[in-house]
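Engineer: I'd like to ask you about the structure that follows.
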Amino acid sequence: MAKKREKFEDKYKWNVKDLYESDESAYQEIEELTQELNKYKDYEGHILDNNQNLLQLLDFDVEISRRLEKLFIYAHINNDADTLNTKYQELFGKVKNVYNKYLEVTAYIVPELLQKDESLIKIYIKENKDLEKYARHLKEIYRAKEHILSSEVEKALTSYSKLLDIPEEVSGVLTDSDFKFDNIKVKGKEVELTESNYSVYIKDNDREVRKQAFYSLLKTYGNFKNTLAYLLRGEVEKNVATAKLRNYSSSLASSLFHNEIDEKVYRNLITSVHHNLPSLYKYWDLKKKILNLEDFHLYDTYALTSKDDDKQNYTFEMAKDLVLKVVSPLGEKYVKDLENAFNSGWIDSCNNEGKRGGAYCTACYDVHPYVLLSFEGKLNDVSTLAHELGHAMHYYYACQNQEYQDYGYSIFVAEVASQVNEILLCRYLLDNTNNNQEKMKIIDDLLQKYKASIFRQTMFAEFELYLHEFTEKGGVLTHQNMCDKYYELNKLYFGDKVIVDEEIKYEWERIPHFYMNFYVYQYATGFAAAIYLANKIYDGDEKTRENYLEFLKLGCTKNPIDSLKVAGVNMTKTEVFDTAIKFMDELIQEYNVLLGR
């Protein structure tokens, strides 16, 4: 049972006083910022009168943004640490109100800048060297010029932004709160199935439990196919309409534009994964043999093929020592900086009552990153810790080496640093144990990551592309064509050695990422890039290590594709994916050797 937060020692909690000394200080900042936001109207209509006006506005905006970020992080992490504490619910709500006010009062800035040609900006930068630090930021604004609308329209869209999120919000409320699944029998007892425990029962050693969980969950979703189809259709139509309104050639182009990702990267991912599907089929064949099944259903693909050794229990101190050891191939400075993260209140590991579930890393430019997880002592918790600290070090090095406006790295590269740390952990554990059962568990976990991060996410990406392209061609999405396409993709990705149960056609209804507009493909590209880098670093490739550390410092000073090229990864070619799948084949082969085959 989870303990109350106050029962945990401070060394296991993050240090929020690095942000504000007290809640009162945060509330005072809310009042001061609310007043400061009124000053934006003084610049309206005069931004480009001269280079000094432009500099003053940009400096002012950076100051306000930094203060808002710090305030947001303080409210956000306090609320997540104890969601039962209503005072932080209130504080977080007030901070979000300030942020929405900021969006409103600054909505005129970009349209006003775009009334003039970029050549004027270049003249101003040449005249005033203090503007050079904003050169990339300004260039990015003008790159988007043809997609920015008038000041009045932009303000209207900002006002309607909450309404545009309704499909996602309704879908979330419906599936999180209103769904009731049929009970299942586990060891002779009736158990209520929920979305939370589904992930446990779908992996159960008892095949009948897996089967019950699978059918109970998906049949319930099937009962709501019309409602959820309307909601997802609304989301897709919103994306298509917005892309058209903003003069993009397609919703995919609109989504990829901000990060300067060529559509070829998205389509190349799908093509590369299709080419490597035989490796996934080998994985299914391996699982079928290990489980000793004559017929192999979708619900069997989730079953664990190795025993989870619960005997190994890590203290947080043991986890710290292990993580510091496994990242040693990244060099002494990286290890020293990471040790500082452990010792300086970056991490909140308490498994306390009311704490938000899951794990994440968030960053504050003027303080340091913050990592949340609920540490329970299992190897998976150690892996999560390594993962989130990969994010933290990426933020930390970007903050240390870039201006505020340039430190935020793209979501396209966000999962690379975190996955590199996880893979270094796996490689270290494989090389430092003589226990075959433990090795099989590590390989099994890695193979599941391949399935979840590369193949499953690419299947989602392909489905999402279908939804938008079908709509752009004048098609009307219904539950029938959505279900048909999703079932067809499952048949392709699972192959003829897996019985693709008909109920899987409803699974798209439970994937929240389909409301995030071409987001999921980045899990696959990030994992493939991380495999490529981590294996080289672990094997002692000094050049790759140095290049990777330079990559961590870049922030958004280069576009994501060029950033990864600094690390030695070219995502426009198939080599990255082919190399990643080659390692997967090696893992399958090693697993067979451990089984004595």
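Rule-based calculations on the coordinates, nothing more; no lab input. Predicted model only: the values in this text are computed from it and were never measured. Glycine gets a Cβ as well: all are built from the backbone with ideal geometry, and neighbour counts include every protein chain shown.
Engineer: Quick one: if you stick a label point 7 Å off each Cα along the C-beta vector at residue 562 and residue 336, how many nm between them?
Structural biologist: A separation of 3.2 nm, rounded to one decimal place.
Engineer: Same structure, new question: Could you state the number of Å between the C-alpha centres of region 32-86 and region 510-566?
Structural biologist: 30
Engineer: Would you please classify the overall shape of region 155-284 from the alpha carbon gyration tensor, given that a ≥ b ≥ c denote the square roots of the eigenvalues, rounded means a/c under 1.5, and beyond that prolate means a/b larger than b/c while oblate covers the rest?
Structural biologist: Taking the square roots of the gyration eigenvalues as a ≥ b ≥ c, region 155-284 is oblate.
Engineer: Follow-up question, since we're still on this one. Give the total of Lys-Lys pairs in region 1-105 with Cα-Cα distances below 23 Å; include a pair only if its members are 8 or more places apart or on different chains.
Structural biologist: The result is 29.
Engineer: Only counting other Cβ atoms within 10 Å, I'd like 220, 227 sorted with the fewest neighbours first.
Structural biologist: Numbers: 220 18, 227 14.
Sorted ascending by nearby Cβ count, the order is 227, 220.
Engineer: Can I ask one more? Cα to Cα, under 16 Å, and not fewer than 8 places away if on the same chain: which aspartates and glutamates meet these conditions relative to residue 187?
Structural biologist: 204, 206, 208
Engineer: I've got another one for you. Does region 459-597 come out rounded, prolate or oblate by the C-alpha gyration tensor, with a ≥ b ≥ c the root eigenvalues, rounded set by a/c under 1.5 and, if not, prolate when a/b is larger than b/c and oblate if not?
Structural biologist: Details: a/c = 3.25, a/b = 1.40, b/c = 2.32.
Oblate.
Engineer: Once you keep just the Cα pairs under 8 angstrom separated by 6 or more residues, what percentage relative contact order results for region 182-223?
Structural biologist: 40
Engineer: Using the Cα atoms of the chain, I'd like the radius of gyration and the largest Cα-Cα distance, Dmax, both in angstrom.
Structural biologist: 25.1, 79
Engineer: If I model region 1-142 as equal point scatterers sitting on the Cα atoms and use the Debye formula, what is log10 I(q)/I(0) at q = 0.10, 0.11, 0.13 Å⁻¹?
Structural biologist: With one equal scatterer per Cα and no solvent, log10 I(q)/I(0) is -0.47, -0.55, -0.69.
Engineer: Applying 1/(1 + (r/R0)^6) with R0 = 41 Å to the Cβ-Cβ distance of residue 174 and residue 150, what FRET efficiency is obtained, to the nearest 0.05?
Structural biologist: Values: r = 36 Å, r/R0 = 0.88.
Working from the Cβ atoms, E equals 0.70.
Engineer: At a Förster radius of 60 Å, what calculated FRET efficiency corresponds to the Cβ-Cβ distance of residue 157 and residue 589, to the nearest 0.05?
Structural biologist: E between residue 157 and residue 589, to the nearest 0.05, is 0.65.
Engineer: If you don't mind, another one. Based on other C-beta atoms within 10 Å, arrange 60, 577 from fewest to most.
Structural biologist: With the sparsest Cβ surroundings first, the list reads 60, 577.
Engineer: Given a Förster radius of 45 Å and the C-beta distance between residue 118 and residue 476 as r, what FRET efficiency does 1/(1 + (r/R0)^6) yield to the nearest 0.05?
Structural biologist: Given R0 = 45 Å and the Cβ-Cβ separation, E is 0.65.
Engineer: Using helices alone, what [θ] at 222 nm do you get for the chain, with -39,500 (n - 2.57) per DSSP H run of 4 or more residues, divided over all residues and rounded to the nearest 500?
Structural biologist: Here the helix-only value at 222 nm equals -19500 deg cm²/dmol.
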